[in-house]
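Shown next, in structure tokens, is the structure this report addresses.
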């Protein structure tokens, strides 16, 4: 610790100072997950059936579609942070670690975009 | 072969098992808190990969129309009559769904425990062990309850 120099931090000799926000966002999204995934499971339990028409009608309702989009954002973000913690613990090769972090900064975003587009299509018409 | 890891028996064959372990990294035995800790990570990563993949497949099928949704159901839950490959995948699909639901309820239970640990509560040896065990029980009980409600309505 002490007076780390800027060049020292650039060389990876100091923290990026993002640890607290990572930790906090992991908790904020955990609260979101707790509410939204329990909503999804409770909704599944209460659905009268699991055929296309029933499920589609349910998810097309504004409340369901909103909750599903929020659930995608909250859970995917939480998952991305959690997988990063795992990678930081187990991936020690610098090149591979960079590849993993690059993947973690693109794949969850792409996955969330796909999921949200699906919900919007269900909610706003189309299929 | 256990290169860097020793089981308690390696060093403590004659020792009293109830005695506390000395603070050497290589000498340890399983305890509830350790099980819950590694399960939290395993379940979380299982959900991050398997859960998200399945969720997106489900939403994608639902957004693509009745035929695509029926195909999804045929691979995951109810095989098309005469399709032996789907007979296998629907069995695996049910296993994966039960597994993912357990992973969620286990991760949720130990996650709620983490909120208490975050504010500094529950570190006393007895309380720590007790609440670790509670998350293991609640993970299984909530999974059973969820499937009972889903299937026995």
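Couple of notes before you dig in:
- Test: residue in region A:93-106 that is touching a helix residue (DSSP H, G or I) at 6+ places or on another chain (Cβ under 8 Å) and within 25 Å of residue B:147 (Cβ to Cβ): no
- Of all residues in region A:86-126, those that are closer than 23 Å to residue A:58 by Cβ and in contact (Cβ under 8 Å) with a residue 24 or more places away in the chain total 8.
- Of everything in region B:65-88 that is within 26 Å of the chain's Cα centre (by Cα) and not in a helix (DSSP H, G or I), the residue that is nearest to the other protein chains (Cβ to nearest Cβ) is B:77.
- Among the residues listed as B:62, B:91, the single one being part of a helix (DSSP H, G or I) and within 14 Å of another protein chain (Cβ to nearest Cβ): B:62
- Which numbered condition residue B:118 misses (of (1) at the interface with chain A (Cβ under 9 Å from one of its Cβ atoms); (2) surrounded by 14 or more Cβ atoms within 10 Å (Cβ to Cβ)): (2)
- Taken over region B:35-46, the residue count meeting the criterion of being within 9 Å of the chain's Cα centre (by Cα) and more than 11 Å from residue B:111 (Cβ to Cβ) is 4.
- Which numbered condition residue A:99 misses (of (1) within 13 Å of chain B (Cβ to nearest Cβ); (2) more than 15 Å from the chain's Cα centre (by Cα); (3) at pLDDT 95 or above): (1)
- Being in contact (Cβ under 8 Å) with a residue 60 or more places away in the chain, within 26 Å of residue B:152 (Cβ to Cβ) and crowded, with 16+ Cβ neighbours inside 10 Å is a property that residue A:36 lacks.
The values are calculated or read from the model by the stated rules, or taken from the named source; none is laboratory data. Everything numeric here is computed off the predicted structure, so don't read it as measured data. So basically every Cβ, Gly included, is an ideal-geometry build from the backbone, and we count neighbours across all protein chains shown.
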